[in-house]
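Everything below concerns the one structure shown next.
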Amino acid sequence: MVVSRDQRQSLVGFYRILARANPPATQLRLRGLNAELEYTIRGSGERFGGDELMRVGIDVARLGPMAGDFQSLLLELRAVDPGRSDEIRAGPCLVAAGEQEEGRDGRRKLNRIDSI
C-alpha cells in the first residue's frame, strides 16, 4: 500500500498465492489514510470513510472475483470532496490476472495485465 503525502490518493495491492477451500471472509484493513476524508475506489463509485477503511476494512470478496490460485487486485483510492458526485472520471482499476514469464535473472515478470 502506498499513500500520497496529502493522504488524498492511495494504491493498494492484494495478493493471494494459493486458494483455500471455503475460506473465511477477508477484511483488508488500510493504513495511513485521513480518517476525516471520504474515499472512493476507482471504478466502483462506492464511498467509504477513511476511518471505516482503517478500522473495519474492505471485504475482499465484494471487490471482484478471487477464485483460484495466484490472484491479485490493485485498487486506486481517491479522496472525494463532500457533495461531489464526479469522483472518478474513467478507467478500470481491478486487476484480475496477468501473463507472466521468467526473466534472465530467474525472477518472474509481468508482461501483460488483464483488467476487469
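To keep it simple, each residue is scored yes or no on (1) touching a strand residue (DSSP E or B) at 6+ places or on another chain (Cβ under 8 Å); (2) hydroxyl-bearing (Ser, Thr, Tyr).
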position: Ser10; (1), (2): yes, yes
position: Leu28; (1), (2): yes, no
position: Leu33; (1), (2): yes, no
position: Glu46; (1), (2): yes, no
position: Arg55; (1), (2): no, no
position: Ala61; (1), (2): no, no
position: Gly68; (1), (2): no, no
Within the range 18-48, the residues that are of a type in the set (Gly, Ala, Ser) and over 18 Å from Arg5 (Cα atoms) are Ala19, Ala21, Ala25, Gly43, Ser44, Gly45
Would you call Ala19 of a type in the set (A, V, I, L, M), without any contact (Cβ under 8 Å) to a residue 24 or more places away in the chain and in contact with an Asp or Glu (Cβ under 6 Å, 6 or more places away or on another chain)?
no
Looking only at strands (runs of 3 or more DSSP E) that lie completely in the range 27-116, which have at least 2 residues being under 17 Å from the mean Cα position of the chain (by Cα) and at pLDDT 90 or above?
38-41, 47-49, 71-80
Considering every residue within the range 2-16, establish whether at least one is closer than 14 Å to Leu74 by Cα, crowded, with 16+ Cβ neighbours inside 10 Å and in contact with a helix residue (DSSP H, G or I) (Cβ under 7 Å, 6 or more places away or on another chain).
yes
For the range 52-66, enumerate the residues that are exposed (fewer than 14 other Cβ atoms within 10 Å of the Cβ) and acidic (Asp, Glu).
Asp59
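Please tell me if Ala21 is assigned to a loop (DSSP other than H, G, I, E, B), modelled with pLDDT under 90 and loosely packed, with under 14 Cβ neighbours inside 10 Å.
Numbers: assigned to a loop (DSSP other than H, G, I, E, B): yes; modelled with pLDDT under 90: yes; loosely packed, with under 14 Cβ neighbours inside 10 Å: yes.
Judged against the criteria, Ala21 is a match.
The values are calculated or read from the model by the stated rules, or taken from the named source; none is laboratory data. Here the structure is a predicted model, which means the values were calculated and not measured. For neighbour counting, all protein chains shown are included, and Cβ atoms are generated from backbone atoms with ideal geometry for every residue, glycine included.
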